[in-house]
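The values are calculated or read from the model by the stated rules, or taken from the named source; none is laboratory data. Bear in mind that the values here come from a model prediction, so they are computed numbers and not experimental data. Methodologically, a virtual Cβ is constructed for each residue, glycine included, from the backbone with ideal geometry; neighbour enumeration extends over all protein chains shown. Side chains are part of the model used for accessible areas, which takes the heavy atoms of the whole protein and leaves out ligands, DNA and RNA. Shrake-Rupley method; radii C 1.70, N 1.55, O 1.52, S 1.80 Å.
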Protein chains: 2
Amino acid sequence: MPKRVDHAERRTEIAEALVRVAGRRGLHAVGMRDVAAEAGVSLRLVQYYFETKEKLLLFGLEHLTGKFGERLAARIRAAGDGPGPRAMVEALLMTALPTDEESRIFHHLYTSYAVLAVTDRTLAAQPFIKDPDAAERALTDILRQAQAADLLQPGVDSQLTAAGLLAMSAGLGTSILVGQRSPESAAAVLDDHLDRIFRSVDAAA
Amino acid sequence: MPKRVDHAERRTEIAEALVRVAGRRGLHAVGMRDVAAEAGVSLRLVQYYFETKEKLLLFGLEHLTGKFGERLAARIRAAGDGPGPRAMVEALLMTALPTDEESRIFHHLYTSYAVLAVTDRTLAAQPFIKDPDAAERALTDILRQAQAADLLQPGVDSQLTAAGLLAMSAGLGTSILVGQRSPESAAAVLDDHLDRIFRSVDAAA
DNA sequence: CCTTTCATGGTACAGCCGTATCAACATCGT
DNA sequence: ACGATGTTGATACGGCTGTACCATGAAAGG
């Protein structure tokens with residue numbers, strides 16, 4: 001056998017090139033040639049590793065969500081060592097906001113994919129869009145634990161609250177993305193709502 | 001002068017054709033020829049009334065937001081005759097959810113435009129995206145009135161709450177759009193949060 | 001009536017897209 | 001060493017896109 005190149009790694013490199021250029025010019029404006037140029041390889045090579053554009057996009061989405069999932073998990077883990085459930089919830093929700101460049105790109109492209117998924121059944125069947133309950137379940141669990149520890153206001157429904165907080169976080173995210181709102185004000189909005197869910201005692205850092 | 005046709009009306013017809021076909025196949029997949037066919041006119045006519053595709057898209061967005069604004073205003077007015085502030089707030093937020101086909105299309109295309117606005121400065125400068133504070137101000141006012149009438153829970157910040165509710169509504173909207181959530185469960189989430197903002201007395205229809 | 005002006009239609013032109021084809025190169029098994 | 005095979009490159013093709021061009025029809029003003 002010849003040259004022996006790690007296919008998985010190459011595919012990852014190309015997918016990251018896709019993410020970079022799509023984040024810069026928009027997913028709709030990205031072509032195979034752009035990806036190839038960004039990755040510093042020939043067009044043919046992109047075709048070689050991803051036979052078709054659709055497969056490239058699909059893999060790019062996987063890669064994107066994968067990296068974001070890791071990032072999220074890391075932040076939650078870091079917050080887990082900290083003061084309490086509220087810090088974990090804040091970490092989770094704040095990570096979901098497009099604050100730095102990486103999360104901005106994630107939000108941008110995730111939303112792009114979501115829009116495409118409305119009219120593309122292949123995309124709609126992807127797990128990221130099909131099973132986002134993962135985040136919801138995780139948040140629900142955290143809230144339940146907090147509730148068991150009597151850290152929440154009375155009458156809080158963990159599941160509905162988790163769903164609402166995630167939706168709010170997503171909505172704030174796109175607001176930030178299009179420049180309607182600053183990350184700081186979005187954080188203020190989230191905090192205000194958390195104040196109405198957690199008992200006030202817990203507020204400390 | 002010749003035939004005398006109401007230009008504004010024709011432009012509206014074509015814009016509605018654009019909205020229809022874009023709602024069906026996605027904004028990214030819409031071409032001039034598709035719009036012409038959908039409107040039952042020739043390609044040249046579309047070019048005649050909108051010199052360029054960009055102008056067509058811009059006008060389509062105006063039309064879309066205009067119609068949606070009217071719809072929203074009508075619902076709020078209808079709810080205004082009703083029982084109280086909470087009903088108005090619910091009307092406003094529920095109208096923003098993609099329940100029927102018309103609002104689904106609105107959400108779909110609005111999000112499409114928002115994504116494009118991330119990389120297109122002309123689109124980003126459009127008022128719809130530049131000044132969506134209209135809805136936020138309106139909701140804030142309603143909440144303030146409710147607060148003055150002592151209908152809210154103590155410690156509610158009208159502005160932050162309004163922003164949060166709108167963001168949550170938007171987030172729930174896209175969840176519905178991509179099929180992650182049913183309109184009913186989204187309504188439940190919203191109601192749950194309103195329960196934590198309004199005093200319980202007000203709950204009746 | 002007849003010309004001017006608006007309105008409309010058909011069609012052609014570059015340019016870009018994704019994909020396929022053809023060819024060369026490098027490396028590993030034998 | 002040598003052929004087989006995984007890997008890379010250059011280029012061509014058909015289809016689609018937005019836009020521009022040319023021509024015709026229809027109605028109001030002289």
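Taking Cα centre as origin and charging only the Cβ of basic (Lys, Arg, +1) and acidic (Asp, Glu, -1) residues, the dipole magnitude of the protein assembly as shown rounds to 1520 debye. Between copies, the label points at A:Asp100 (set 7 angstrom from Cα along Cα-to-Cβ) are spaced 4.7 nm, reported in nanometres from shortest to longest.
Annotation: amide H of A:Thr99 within the under-5 Å range of A:Arg104, sequence separation 5 or more or interchain, hydrogens built in the peptide plane.
Projecting 7 Å from Cα along the Cα-to-Cβ direction, the label point of B:Arg144 sits 4.3 nm from its equivalents in the other copies, listed shortest first. Simple spin-label estimate for A:Asp150 and A:Lys53 gives 6.1 nm between the two label positions (7 Å along the Cα-to-Cβ direction from each Cα). Close amide H pairs (under 5 Å, H built 1.01 Å from N) link A:Leu152 with A:Arg199, residues at least 5 positions away or on another chain. Taking each DSSP H run with n ≥ 4 as -39500 (n - 2.57) and averaging over every residue of the protein assembly as shown yields -23500 deg cm²/dmol at 222 nm.
Couplings 3J(HN,Hα) of the range B:96-111, computed from phi: 6, 8, x, 8, 8, 4, 4, 6, 4, 4, 4, 4, 4, 6, 4, 5 Hz, in residue order, whole Hz [Karplus 6.51 cos²θ - 1.76 cosθ + 1.60, θ = phi - 60°; x for Gly and Pro].
Enclosing the Cα atoms of the protein assembly as shown in their convex hull gives a volume equal to 165 cubic angstrom per residue. Model label points for B:Arg44 and B:Glu184, set 7 angstrom from Cα along the Cα-to-Cβ axis, are 5.4 nm apart.
The C-alpha atoms of chain B define a longest principal axis, and helix B:158-177 lies at about 50 degrees to it. Phi angles across the range A:28-45 convert, under the Karplus curve 6.51 cos²θ - 1.76 cosθ + 1.60 with θ = phi - 60°, into 3J(HN,Hα) values of 5, 9, 8, x, 4, 5, 5, 4, 4, 4, 5, 7, x, 10, 7, 4, 4, 5 Hz, Gly and Pro given as x. Pairs of Cα atoms nearer than 8 Å and 6+ residues apart set the relative contact order; for the range A:1-51 it is 35 percent. Per residue, the average separation of C-alpha pairs within less than 8 Å and at least 6 apart gives chain B a relative contact order of 19 percent. Within chain A, all pairs of alpha-carbon atoms sorted by distance into 10 Å bins from zero give the percentages 8, 31, 30, 19, 10, 3, 0. Summed over both chains, the contact between B and A buries some 3000 Å² of accessible surface at a probe radius of 1.4 Å. Peptides B:21-32, A:36-47 ordered by packing proxy, namely the average of other Cβ atoms within 10 Å per residue, highest first: B:21-32, A:36-47. Less than 5 angstrom separates the built amide H of B:Arg181 from those of B:Ile176, all sequence-distant by 5 or more or on a different chain. In this calculation the C-beta distance from A:Arg137 to B:Arg33 is compared with R0 = 56 Å, giving a FRET efficiency of 0.75. The alpha-carbon atoms of the range B:1-51 define a convex hull whose volume equals 72 cubic angstrom per residue.
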